[in-house]
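Peer 1: Dropping the structure in here first, questions after.
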Amino acid sequence: QNVCDYVGANGSLFVTDWAYDLVEACWPDKIEFLNDDTVVDDAQAGVAGELLADVPDEALATTLESTVANLTFNYSAFTVMDSVADDVEVLLSGDVTYDPGGGDDVKVQKGVPLMVRFPVGKSGQVTFSSFHLYPQNPALADAVLFRGMEGLEAGAGGKSDEALQ
């Protein structure tokens with residue numbers, strides 16, 4: 001509840017992968033995750049590997065100078081999104097291979113969001129990514145990090161400079 005309140009009071013949150021349960025708990029109508037949203041960790045079904053993602057976000061595509069990006073999913077059982085609400089920006093999307101039952105049977109979910117962000121309250125913001133930033137090409141990691149946090153003011157949601165002195 002503290003995180004929900006912090007973001008609602010103009011804070012920002014940038015989380016990846018298994019932290020999706022927090023996003024689901026605070027903002028259940030923003031992202032539809034794979035499988036049963038009421039079961040903790042149930043969307044953790046992605047299969048590790050390389051993926052060529054689409055970059056539908058114009059600003060990110062301009063920064064990357066490309067409408068596609070090569071992503072590395074370095075852990076199996078990464079979180080898979082199905083869809084997002086209308087007010088959620090999709091920064092990256094693509095076709096994800098996932099394992100629905102923990103066995104040898106894999107499926108492909110086409111055109112799913114891989115990185116999204118959405119506003120909360122007056123000026124709060126949440127950015128969620130199914131992939132971790134550290135195994136990515138450094139230029140890509142920097143670009144998605146800066147785009148995911150774009151528009152935030154220094155100190156947003158925190159104490160004023162006067163309160164810190």
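The values are calculated or read from the model by the stated rules, or taken from the named source; none is laboratory data. The model shown is predicted, which means the values in this text are computed figures rather than measured ones. Here Cβ is always computed from backbone atoms with ideal geometry, including for glycine, and neighbour counts include all displayed protein chains. SASA here: full protein model, heavy atoms, side chains in, ligands and nucleic acids out. Shrake-Rupley method; radii C 1.70, N 1.55, O 1.52, S 1.80 Å.
Peer 1: Which loop-located GluC sites (Glu not before Pro) does region 52-136 contain, where loop means any DSSP state but H, G, I, E or B and the Cβ has at most 10 other Cβ atoms within 10 Å?
Peer 2: Answer by residue number: Glu65.
Peer 1: When the solvent-accessible surface of protein heavy atoms is calculated with a 1.4 angstrom probe, in what order do Thr97, Thr67, Thr79 fall, highest first?
Peer 2: Thr67, Thr97, Thr79
Peer 1: Tilt of helix 138-149 relative to the longest C-alpha principal axis of the chain, in degrees (0 to 90, nearest 10)?
Peer 2: It is inclined by approximately 50 degrees.
Peer 1: Say each of Leu52 and Leu145 gets a label point 7 Å from the Cα, pointing the same way as Cα to Cβ; how far apart are those two points in nm?
Peer 2: According to this spin-label approximation, the distance is 2.8 nm.
Peer 1: Rg to Rh ratio, the chain, alpha-carbon atoms and Kirkwood radius?
Peer 2: 0.98
Peer 1: Pick out which of Gly11, Gly101, Gly111 has the largest mean-square fluctuation in a Gaussian network model of the chain, springs linking Cα atoms closer than 10 Å.
Peer 2: Of the options given, Gly101 has the highest mean-square fluctuation.
Peer 1: Scan region 61-121 for trypsin sites (Lys or Arg not before Pro) in coil per DSSP, keeping those whose Cβ has at most 13 other Cβ atoms within 10 Å, and list them by number.
Peer 2: Passing both the DSSP loop test and the Cβ count: no residue.
Peer 1: Compute the signed sum of charges (Lys and Arg +1, Asp and Glu -1) over the other residues within less than 13 Å, Cβ to Cβ, of Leu51.
Peer 2: Local net charge: -2.
Peer 1: From Cα pairs below 8 angstrom and at least 6 apart in sequence, can you work out the relative contact order of region 1-91, rounded to a whole percent?
Peer 2: 33
Peer 1: At 222 nm, what value in deg cm²/dmol follows for the chain if DSSP H runs of at least 4 each add -39500 (n - 2.57) and the sum is divided by all its residues, to the nearest 500?
Peer 2: Result for the chain, helices only: -6000 deg cm²/dmol.
Peer 1: At a threshold of 8 angstrom on Cα-Cα distance, excluding pairs fewer than six apart, so keeping six or more, what relative contact order does the chain reach in percent?
Peer 2: Contact order relative to length: 29 percent.
Peer 1: Mind telling me which of Asp142, Asp57, Asp87 comes out most flexible in a GNM of the chain, alpha-carbon contacts under 10 Å?
Peer 2: Asp87
Peer 1: Continuing with the same structure: So what is the orientation-averaged projected area of region 1-73, using the convex hull of its C-alpha atoms, in nm²?
Peer 2: Averaging across all directions leaves 6.2 nm² for the Cα convex hull.
Peer 1: Among bridges DSSP assigns within the chain, what percent are antiparallel (round to 5)?
Peer 2: Roughly 85 percent of the DSSP beta bridges within the chain come out antiparallel.
Peer 1: Hey, what does the equivalent ellipsoid look like for region 39-92, semi-axes from the Cα gyration tensor as sqrt of 5 times each eigenvalue, largest first, whole Å?
Peer 2: 23, 17, 6
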